[in-house]
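Notes follow once the structure below has been shown.
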Amino acid sequence: MGLLDRLSGTVGVTVGDRAPDFTLADAEGKPVSLADFRGKRAVVLYFYPKDDTPGCTKEACGFRDSYEDFTAAGAEVIGVSSDSGASHQGFAKKHRLPFTLLSDPGGAVRKKYGVPATLGLLPGRVTFVIDRAGVVRHVFNSQLAATRHVSEALSALRG
């Protein structure tokens, strides 16, 4: 774990907690709720700092490259940042992202999940694996190990 990861702080929502419900707009402006997936699919909910930055692009492309593995494991991947729908549309198109990106412009959902900011400034990078019942089964918090979020989430889904 690097220095920036140690300075990130701890995550509010932890393993065994019920994942807080939310509704946010996707890239096209349509509302998406966590509750939409309950009883149907597990959800890999990942919070990331910003579209089209180097680490966030590596992370998103890692989820893209493993997307079939996630769906085969019964999960949906959802990325959340404070970027606008237009920004998400461009990011998703540019990198051929097959999963949903949600806009959390004021950071309300990020706060609800207790995603810490690195050095109090940079929005944190945290991935939550949520089972079909809506319970958090795994949390991975690392600002710098962007691509490790993918392998951590897959390992958690495969049990």
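The values are calculated or read from the model by the stated rules, or taken from the named source; none is laboratory data. Bear in mind that the values here come from a model prediction, so they are computed numbers and not experimental data. Glycine gets a Cβ as well: all are built from the backbone with ideal geometry, and neighbour counts include every protein chain shown.
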#### Entry: Entirely in segment 63-159, the helices (runs of 4 or more DSSP H) that have 3 or more residues that are without any contact (Cβ under 8 Å) to a residue 60 or more places away in the chain and closer than 15 Å to A42 by Cα
67-72, 148-158
### Query
Of all residues in segment 11-20 being assigned to a loop (DSSP other than H, G, I, E, B) and touching a Gly at 6+ places or on another chain (Cβ under 7 Å), which is surrounded by the fewest Cβ atoms within 10 Å (Cβ to Cβ)?
G12
### Query
Of all residues in segment 38-59 being free of Cβ contacts under 8 Å to residues at least 40 places away in the same chain and outside any loop (DSSP other than H, G, I, E, B), which is surrounded by the fewest Cβ atoms within 10 Å (Cβ to Cβ)?
P54
### Query
Going through segment 104-145 one residue at a time, which ones are at pLDDT 95 or above, among the hydroxyl-bearing types (S, T, Y) and either closer than 20 Å to K58 by Cβ or surrounded by fewer than 21 Cβ atoms within 10 Å (Cβ to Cβ) (or both)?
T127
## Note on the structure
Of the residues in segment 51-61, those that are closer than 12 Å to Q143 by Cα and either hydroxyl-bearing (S, T, Y) or in contact with a helix residue (DSSP H, G or I) (Cβ under 7 Å, 6 or more places away or on another chain) (or both) come to E59
#### Entry: Lone unmet requirement of (1) touching a strand residue (DSSP E or B) at 6+ places or on another chain (Cβ under 8 Å); (2) within 17 Å of V139 (Cα to Cα) for G12
(1)
### Residues that are farther than 21 Å from N141 by Cα and touching a Lys or Arg at 6+ places or on another chain (Cβ under 9 Å), drawn from segment 74-125
G74, S87, H95, R96, L97, P98
### Query
All but one of (1) over 21 Å from D26 (Cβ atoms); (2) modelled with pLDDT under 95 hold for A73; which doesn't?
(2)
### Message
Looking only at segment 21-37, count every residue that is in a loop (DSSP other than H, G, I, E, B), surrounded by fewer than 17 Cβ atoms within 10 Å (Cβ to Cβ) and either among the hydroxyl-bearing types (S, T, Y) or within 17 Å of the chain's Cα centre (by Cα) (or both) and tell me the total.
### Response
1
